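First the structure, in the form of structure tokens, and then the observations on it.
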Amino acid sequence: MALATIAQEMRKGKPVTSNAIAAMVGVHPVHVRRVMGSLREAGLVVSQSGPTGGWELARDPKEITLYDIYLALESDLPFEMPARSPGACCRFAPFLPQALAGAMESAKQALRQHLSSVTLEQVLASMEKCGPRNGVESSLMTFDLPY
């Protein structure tokens, strides 16, 4: 959401402050700064200091994928086996991790491919289609993303 907000404001030629992002998405500015720091470390945003400063995208929205964003904020894809041993609840429990490994890896690969195929530009276009209409904010927005 923060990157979409930044991209929209960049079209107007101005950076976005952490406080403005926090107000738009309803979270504390400190949380926004932490998230933005991770996005900056990943090379997705840059910041400008000073009274006219704020956050800007480091790359064109067409070049930023949802996978790029996900990796900046999470260390790995979901679908991990629990860290604790399955125990001896039944005779098959010790073999469960090995049995599910292929399915888990396939799920990760599918998610990786899909997130890599959707760009921030596509998300913006979908948001604009279902955004405010006739000056009225839509309280329930659905996004028409390419699946």
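Each reported figure results from applying straightforward, stated rules to the coordinates on display, with no laboratory input. The structure presented is a predicted model; accordingly, all values stated were derived computationally and were not measured. Here Cβ is always computed from backbone atoms with ideal geometry, including for glycine, and neighbour counts include all displayed protein chains.
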Inter-label distance for Ala125 and Ala58, nm, one decimal - labels placed 7 Å from Cα along Cα-to-Cβ: 2.6
Each residue of segment 43-51 in order: what ³J(HN,Hα) in whole Hz does its phi give by Karplus 6.51 cos²θ - 1.76 cosθ + 1.60, θ = phi - 60°, with x for Gly and Pro? x, 9, 9, 10, 10, 10, 8, x, x
